[in-house]
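Each remark here refers to the structure printed beneath this line.
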Amino acid sequence: MSHLERITIDQEVCHGKPCVRGMRWPVEVIIDLLGSGMTMDEIIEDHPELEKEDILASLNFVKLYMAGRSINEVA
């Protein structure tokens, strides 16, 4: 699974916000955890359902979003 395949958008999950692997983990929450100063290891320790690749995928998604690109453009 590539990093971007880990980010899903489903109108039935979190009101269509980009989420990690269809779970109720919006990308914005992952970024908020990192922004609060948590390390990837701390996030995974507190939330073992997440994987390092999920966090990296969230960062990559935000980078593309900020560059004005979408997942579909790089798939």
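The values are calculated or read from the model by the stated rules, or taken from the named source; none is laboratory data. Nothing here was measured: the structure is a model prediction, and the numbers come from that model. When we count neighbours, we look across all protein chains shown, and the Cβ atoms used for this are built from the backbone with ideal geometry, even at glycine.
If you scan the stretch 17-59, which residues turn out to be in a helix (DSSP H, G or I) and either at pLDDT below 95 or touching a Pro at 6+ places or on another chain (Cβ under 6 Å) (or both)?
Start the filter on the stretch 17-59 by keeping residues that are in a helix (DSSP H, G or I), which leaves 27-35, 40-46, 52-59.
Correct list: V27 only.
Quick one: how many residues across the stretch 6-16 are assigned to a helix (DSSP H, G or I) and either free of Cβ contacts under 8 Å to residues at least 40 places away in the same chain or touching a Ser or Thr at 6+ places or on another chain (Cβ under 7 Å) (or both)?
3
In this structure, is E49 of a type outside the set (K, R) and either without any contact (Cβ under 8 Å) to a residue 24 or more places away in the chain or under 20 Å from Y65 (Cβ atoms) (or both)?
No.
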